[in-house]
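For reference, the structure is listed below as structure tokens.
Laboratory data are not the source of any read-out in this text; all were calculated from the coordinates shown. Here the structure is a predicted model, which means the values were calculated and not measured. Note: ideal-geometry Cβ built from the backbone for every residue, glycine included; neighbour counts use all protein chains shown.
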Amino acid sequence: MRTARAVVSTLSIGVLAACAGASGNFTPVSAYQEPAGTPTTGYVIQPGDVLQVRVFNQPDMSAKAKVRDDGKISIPFLNDVVAAGFTPNALAAQLQQRLKEFINAPVVTISLEEARPFSVSVLGEVNKPGVYAVPLGSGVLQALAAAGGFTQYAARDRIFVVRETPQRARIRFQFDELTQAEGKAANFHLRAGDTVVVE
């Protein structure tokens, strides 16, 4: 436990030092734009996801499958198929091609039944700094709740998301914006590897 706390403390110091060094260097969430070249092709399948594979009019070829750690799923007639790294549509097209060996004009649809949680770090003036697994589609409020909310010293208008890819960005949020039902702050989705810092 002491080792885990030491790691979190070291991580906190490093991130906060980086933020302090870039004082004033941030983008308000209302002005944040995804960098050019950011993939917009949809969700990319990863190990731990649960997929529903449906072959039209072929219930024996359909299956519900969990993506294993090796990135593969087991499908009737095709056995092990690599799924990780593909979008559901790209994987469906690949399966349609392979199933032509067994049936004429197969129609395959793939839906994401359950997405694997991903991890974000929550640091600074929160009650339980650390790394938390959050579900796909989570926003800043969910991450703050996982970390036990603010300490009494937190500046509620200085909440930042530090994002490293596809290029480094430091995005500023205000708590009042996050609690509104609409707007960029309320609709902002965290990604794997993001760090939430409360000053």
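Remark on Arg116: its backbone amide H falls under 5 Å from those of Asp49, Val50, a criterion applied only to residues 5 or more positions apart or on other chains, H modelled at 1.01 Å from N. With viscosity 0.890 mPa s and temperature 25 °C, the Kirkwood radius over alpha carbon pairs of the range 50-114 converts through Stokes-Einstein to a diffusion coefficient of 211 µm²/s. Each residue of the range 90-97 was assigned a 3J(HN,Hα) from its phi angle through the Karplus curve 6.51 cos²θ - 1.76 cosθ + 1.60 (θ = phi - 60°); the sequence is 5, 5, 4, 5, 5, 5, 4, 5 Hz, with glycine and proline shown as x.
Residues whose amide H lies under 5 Å from that of Val107, counting only those 5 or more places away or on a different chain, are Phe56; hydrogens are built 1.01 Å from N in the peptide plane. The H on the amide N of Glu125, modeled in the peptide plane, is under 5 Å from the matching H of Val198, Glu199, each at least 5 residues off or on a different chain. Charged neighbours of Asp69, selected by a Cβ distance under 13 Å, balance to +1 (K, R count +1; D, E count -1).
The phi-based Karplus calculation (6.51 cos²θ - 1.76 cosθ + 1.60; θ = phi - 60°) puts the 3J(HN,Hα) values of the range 158-173 at 10, 10, 10, 10, 9, 10, 8, 10, x, 8, 5, 9, 10, 10, 9, 10 Hz, whole numbers, x for Gly and Pro.
Restricting the range 100-198 to chymotrypsin sites (Phe, Trp or Tyr not before Pro) that sit in a DSSP loop and have at most 15 other Cβ atoms within 10 Å of their own Cβ leaves Phe102, Tyr153.
Rounded to whole Å and sorted largest first, what semi-axes of the equivalent ellipsoid does the C-alpha gyration tensor of the range 58-199 yield via the square root of 5 times each eigenvalue?
On the way: eigenvalues 348, 41, 32 Å².
That gives 42, 14, 13 Å for the three semi-axes.
Taken about its Cα centre, the range 50-114 carries a charge dipole of roughly 120 debye when the Cβ of each Lys and Arg holds +1 and the Cβ of each Asp and Glu holds -1. Working note: Karplus 6.51/-1.76/1.60 with θ = phi - 60° gives the range 136-142 the couplings 3, x, 5, x, 5, 4, 5 Hz, where Gly and Pro are set to x.
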